[in-house]
Structures are given as C-alpha cells and as structure tokens.
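Notes follow the structure.
The values are calculated or read from the model by the stated rules, or taken from the named source; none is laboratory data. In this text, all values refer to a predicted model and were calculated from it rather than measured experimentally. Virtual Cβ from ideal backbone geometry, glycine too; neighbours counted across all protein chains shown. Heads up: the accessible areas ignore ligands, DNA and RNA and are worked out on the full protein's heavy atoms, side chains in. Shrake-Rupley method; radii C 1.70, N 1.55, O 1.52, S 1.80 Å.
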Amino acid sequence: MVARGLCGKSYRILRMTGRGDRTVSDTVSDQPGGADDSDTAKQPRQVLADSVYEAIKAMVMDHEIEPGARVGIEALARTLEVSPTPVREALARLESDGLVTKRSLVGYRATELLTPEGLEELFEMRLLLEPRAAALAALNADDEQLDRIEALVEELRGRPGSGERYVVYREFAAADQRFHDAIAQAAGRRLLAEAVGRLHSHLHIFRLSSIPGAGPLTLAEHDRILRAVLRRNPERAAEAMTEHLTSSLERQRNRHDGV
C-alpha cells in the first residue's frame, strides 16, 4: 500500500509536467542529454527523493518500523519499488532528524521513543531556549519575518492536529515545527536558532502519538505568542511561550498517565 501511494503520488506529479505515461524510475534514468534536459532531470529525481523520505518517515512515525528495529535498505527499496539510492538518501535525512541512527557495520536502526524522563528533559531544554527566543523575536523580527510567523499560524487553521496515522496530522506537525523555528530565527541569534532546530522536538513528540483535541489548544497558544510578538512586547512573548510549552508538557504527561 505504501508503495502504491508513493508511486502514485510521483506519477501524478510527472503527468502534470507533461512527461507522459512513464514510471518514476524510467523517467529518472532515461533523460536525454543537453543542459535543459539536465535541469528537467533534477525535478523528478527530487520528487522521488522527497517521496521516499516522506514514506519512510511515515513508517517510523506510525511504528510500522518499530522503535529500535533495524532498517534494511534493500528491504525498504523492494517495499517502495525503488532503487536503494533514494532509500539511502532518505535514511541520511532521517538520521539528521534524529529518527534513525547509523552504526558502523550494523547499519540503520530506528531510534527509541522518548521515555517519560527524556520527555521532561526535552521540555526542560525548550523552556530554557524558546521563551528567550520569543522575547528576542518581539524585539528584533523584521516585517518579512513577522509576516512569515503570522502566515504559519494561519496555516495551522483547519489542519487536523491529531489522528491515528501520521499522514493525517503531518501537515499540522510540520507547520507547528516551522512556527517555532521561525520564532527562533527571528530572534536574531544564530546559535539560539540552531539549538532550537537541533532538538527536532516536534518529530519526537508527535512520534509518541498525537493527542486528540490538542490542535485547537495549540493554535490558541500560538495566537497568543503571535500577538505578543506583533505588539513588540518581549515580556509577554516570553510568558506566552512559557505558557504554551508548559501546557504542551502537561498534555503529554496526561497522555502518559492515561488521563
């Protein structure tokens, strides 16, 4: 089913570009020469790479690839009906996301889920970094950055924030991550923004499972952060971010406790 979805998605994109009734692998490997054709060849290759990455990421997020399990390149290539090359590229990206690890002579394994202790430590780091980032963003963000932050809040509206499978809520999770990254980047402190980005917190949190009803609460909390940043109020921006992260952690604790 994953393979059909993957190939179907790529096939439709290629049809839209007028490539005709050909498979992704045919299109990638059978490009005529010439400078313009070389540029054209890059597009289906990138489409394939992104599609394989998203397919494998969904398998990890949905625990079809179980936490701690070995991830076989050849087996995934057969499942997705692609060559091993885009699978290797996807796994390298997933390693940078913190969803898989690579060990010499062993290969790739899916990372373990956050433990309750790991979750607490993750939020401890976020509470150290992100309220400060929000305060600085209120002071330093330029008009373009403010427009982007506002647009990301709007992007969350109408998107489901939970579901049984990652494909249902992945757009919400991605926009949520981009919102926090945009706040950190608008702070004007490169090391701070990099530290926030390296946590990959949203992937690890959503991998534990989405929380029914959390989407509207998250959106309301983001609205409060946005209003404080737009009003150039650093104290309120920091407070709103702290409130958001504290509430998010409490929702996660309740999920662990079965509340």
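Among residues of segment 203-216 that are surrounded by fewer than 18 Cβ atoms within 10 Å (Cβ to Cβ), those with a Cβ under 6 angstrom from a residue that is at pLDDT below 85, sequence gap 6+ or separate chain, pair up as 212/162. Of the residues in segment 80-93, none is within 25 Å of residue 197 (Cβ to Cβ) and over 22 Å from the mean Cα position of the chain (by Cα).
Quick one: in segment 168-182, which of the residues that are open to solvent by 30 Å² or more (accessible area, probe 1.4 Å) and over 17 Å from residue 209 (Cα atoms) is nearest to the chain's Cα centre (by Cα)? Among residues in segment 168-182 that are open to solvent by 30 Å² or more (accessible area, probe 1.4 Å) and over 17 Å from residue 209 (Cα atoms), the one nearest to the chain's Cα centre (by Cα) is 178.
Scanning segment 126-141 for residues that are assigned to a helix (DSSP H, G or I), more than 19 Å from the chain's Cα centre (by Cα) and touching a residue at least 12 places away in the same chain (Cβ under 8 Å) turns up 127, 129, 131, 132, 133, 134, 135, 136, 137, 138, 139, 140. Report yes if residue 231 is exposed (fewer than 15 other Cβ atoms within 10 Å of the Cβ) and touching a residue at least 60 places away in the same chain (Cβ under 8 Å), otherwise no. Taking the combined requirement at face value, the residue satisfies it.
Test residue 198 against the criterion of being basic (Lys, Arg), free of Cβ contacts under 8 Å to residues at least 24 places away in the same chain and within 26 Å of residue 111 (Cα to Cα), and give yes or no. Yes.
Looking across segment 88-109 at every residue that is assigned to a loop (DSSP other than H, G, I, E, B) and open to solvent by 50 Å² or more (accessible area, probe 1.4 Å), the one that is modelled with the lowest pLDDT is identified as 105. Against the numbered list (1) assigned to a loop (DSSP other than H, G, I, E, B); (2) surrounded by 17 or more Cβ atoms within 10 Å (Cβ to Cβ); (3) modelled with pLDDT of 95 or more, residue 185 comes up short only at (1).
Would you check if residue 113 is of a type outside the set (Lys, Arg), under 30 Å from residue 252 (Cα atoms), at pLDDT below 95 and surrounded by 16 or more Cβ atoms within 10 Å (Cβ to Cβ)? Walk me through how you get there before you give the answer.
Numbers: of a type outside the set (Lys, Arg): yes; under 30 Å from residue 252 (Cα atoms): yes; at pLDDT below 95: yes; surrounded by 16 or more Cβ atoms within 10 Å (Cβ to Cβ): no.
In short, no.
No other residue among 214, 220 is touching a Gly at 6+ places or on another chain (Cβ under 6 Å) and of a type in the set (A, V, I, L, M) apart from 214. Residue-level analysis places residue 221 among those that are open to solvent by 10 Å² or more (accessible area, probe 1.4 Å), without any contact (Cβ under 8 Å) to a residue 60 or more places away in the chain, of a type in the set (D, E, K, R) and in a helix (DSSP H, G or I). Against the conditions (1) at pLDDT 95 or above; (2) outside any helix (DSSP H, G or I); (3) loosely packed, with under 15 Cβ neighbours inside 10 Å; (4) among the basic types (Lys, Arg), residue 78 satisfies every one except (2). Confirm whether residue 258 is more than 22 Å from the chain's Cα centre (by Cα), modelled with pLDDT under 90, of a type in the set (Gly, Ala, Ser) and open to solvent by 30 Å² or more (accessible area, probe 1.4 Å). For residue 258, the condition - more than 22 Å from the chain's Cα centre (by Cα), modelled with pLDDT under 90, of a type in the set (Gly, Ala, Ser) and open to solvent by 30 Å² or more (accessible area, probe 1.4 Å) - is met.
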